[in-house]
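Reading through the structure tokens given below for one structure.
Bear in mind that the values in this text are calculations on the coordinates, not laboratory data. The structure presented is a predicted model; accordingly, all values stated were derived computationally and were not measured. Neighbour counts run over all protein chains shown; Cβ positions are idealised from the backbone, glycine included.
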Amino acid sequence: MQITSPGTILIVDDEIESLNGMCDFLLELGYRVTGCVSGGEALDALELQQYDLLITDLMMPGMDGIALMKKAKEREPLIICLVVTGHATIQTAVDAMKEGAFDFITKPLDWKIFRVIISRGLEIRRLMQSQERMRISRDQARAYARRLAEVQERERQRIAREFHDGIGQNLVGLGMLLNALRDPLTDKETGRIDERLIDAIETATDMTATLRDTIYDFRPSVLDDFGLLPAMRSLAEKIAKHTELSISVQGEDGMQRLPDFEEIS
């Protein structure tokens, strides 16, 4: 199988002749290879750089191949492990596969088979890395969406406060002002004005109640569904019904409640 880029391979074997043979073979194929004669030396190498593939002898003094694989995967969970041994049994092969070995090959090596196994292992490594990148990207996208949702919620609350504190309180103030003007206008000559002022007070009171109801109606979900401009037009229609005034809300239909970069689809 043709590889798209050279892989980094760590080879561990206490038999120098076998180690050199595998290193030379893979170097000729263009791979980047590091050779070690013990499990401890291999772990030191894993601390210095990342490897795509670990090839380890099974039977070694000190740390055997199974123990080395376990420790290697603790450091690099996506590393591909290949076990080679001159003392193969069914049980050792089963044990190696249980511990996460990608494959198991016996000595003396068949170099054609060895080459195919290495190429296949590196291809699996690339697929695993691609899946991991996709998972990370998905997690990052979810985190970004949550942050945008928080920004959106803060903007919703700000709009609600502006409706209540700005428009709502202004209307209440209007009602109080008109109410204060009632007392001086009590004689017969100003009776009609007085009546109009009373009507204005009632209208302002109704508008205040209407506005409060509308603020509730246009809580966040409604603004999300319809957008700011349609919401304002509906608000104007409700106020107009209570005031008998003609209210026109102008704007571009594409107006958004939030800037484009803060919106979540």
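Things worth noting here:
- By average C-beta atoms within 10 angstrom, highest first, the peptides 116-123, 142-149: 116-123, 142-149
- For the cross-link pairs K71/K98; K70/K112; K70/K98, the ones whose C-alpha atoms lie over 19 Å apart are K70/K112.
- Angstrom value of the Kirkwood radius, inverse mean 1/r, which spans all Cα pairs in region 1-94: 13.5
- Neighbourhood net charge (9 Å Cβ-Cβ; Lys/Arg +1, Asp/Glu -1) for V84: -1
- Ranked K112, K107, K70, criterion: other C-beta atoms within 10 Å, fewest first: K112, K70, K107
- Across region 8-109, the mean sequence separation of Cα contacts (distance under 8 Å, 6 or more residues apart), normalised by length, yields a relative contact order of 24 percent.
- Farthest positive-ward along region 34-159 dipole, Cα basis, beta-carbon charges - from A67, Y144, T56: Y144
- Contact order relative to length of region 80-161, as percent, for alpha carbon pairs under 8 angstrom and 6 or more apart: 25
- Region 84-122 versus region 48-69: alpha-carbon centroid distance in Å: 13
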